[in-house]
Amino acid sequence: MFYNPYNGSVRVGNSEMDYISFGNGNKNLIMLPGLGDGLFTVKGRALVFSMIYRIYAKEFTVYVFSRKNHLQEGYSTREMAKDYAEAMTVLGISKADILGISQGGMIAQYLAIDYPDLVNKLILSVTSANSNEIIKKTAGAWIEMAKQGKYKDLMIDTAEKSYSERYLKKYRRIYPFIGIIGKPKSFKRFLIQAASCISHNAYEELNKIVCPTLIIGGDCDKIVGTAAAPAIAEKINQSELLIYNGLGHAAYEEAKDFNRQVLNFLMR
């Protein structure tokens, strides 16, 4: 069973936005991916996502949105949220549960702040409410690598900062092959999105989020830091905090029960 995978695009302002959908459920779940979207959109990946996230397919119709295809300089996480709200309206999605991962979690914060009627429940995973020194240093280094076209260095540094040592022992075997294929034609999207992470600051407005919220982090996160998730939880009234011990920024991939935890929260 392939859970009705669909690859589509929606017109948002003066640009198209790639998205995929799958699942058979009556409820809507929207996933907002992280900074990797700046290198590759979700275009053509519906089948892959439908298999990876099939746990949601019975109860939900799942949408995964990329940022729009043509990004302007200075494009902010708040503007990204505005575009997602427009995309939801165009597609007839009046309300949805939102799962934001990393930069997707930054955007999801503004979606819940500015468009509360669109958000039923919110999951903020391995993200931050503002740009701390760890984010500035990490994203700044990635920006320099991207400007120099050092795709292999960018991928390796991302992996080293995201995964546990246990996972990296397997992943490092493919390092020599990174960059041989798959390098993006342009880093422009990535540079614009990375800059928006550095300028993100929703912290003082988090108390405007009124929907039930699950915040997920890892106690070894080297990208947003270990204090980011607890700081968000302190500002949102209806929130729960889940911290994975021994995992970092890739907790959403490494934790075997991640999707089950999210599903349990959504079904309560």
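The values are calculated or read from the model by the stated rules, or taken from the named source; none is laboratory data. What you are looking at is a predicted structure, and each value in this text was computed from that prediction instead of being measured. Heads up, the Cβs are rebuilt from the backbone with ideal geometry, glycines too, and the neighbour counts pull from every protein chain shown.
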Across region 213-234, what is the number of residues that are surrounded by fewer than 17 Cβ atoms within 10 Å (Cβ to Cβ) and in a helix (DSSP H, G or I)?
2
Report every pair of residues separated by at least 6 positions or lying on different chains whose Cβ atoms are under 6 Å apart, first residue within region 94-116 and more than 14 Å from ARG67 (Cβ to Cβ) and at pLDDT below 95, second crowded, with 24+ Cβ neighbours inside 10 Å and of a type in the set (S, T, N, Q).
none
Can you find a residue that is in contact with a Cys (Cβ under 7 Å, 6 or more places away or on another chain) and not in a helix (DSSP H, G or I) anywhere in region 248-260?
yes
Only one of GLY92, GLY149, GLY105 that is in a helix (DSSP H, G or I) and among the small types (Gly, Ala, Ser):
GLY105
Can you run down the residue pairs with Cβ atoms below 7 Å, 6 or more apart or on separate chains, where the first is in region 254-267 and of a type in the set (Gly, Ala, Ser) and the partner is modelled with pLDDT of 95 or more and not in a helix (DSSP H, G or I)?
ALA255/TYR244; ALA255/LEU247
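Table: residues versus (1) of a type in the set (Phe, Trp, Tyr); (2) farther than 17 Å from PHE40 by Cβ; (3) at pLDDT 95 or above.
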| position | (1), (2), (3) |
| --- | --- |
| GLU133 | no, yes, yes |
| LYS136 | no, yes, yes |
| ALA146 | no, no, yes |
| LYS161 | no, yes, yes |
| LEU168 | no, yes, yes |
| ILE180 | no, no, no |
| LYS183 | no, no, no |
| PHE187 | yes, no, yes |
| LEU191 | no, no, yes |
Give me a count of the residues in region 155-200 that are more than 16 Å from the chain's Cα centre (by Cα) and under 17 Å from SER128 (Cβ atoms).
2
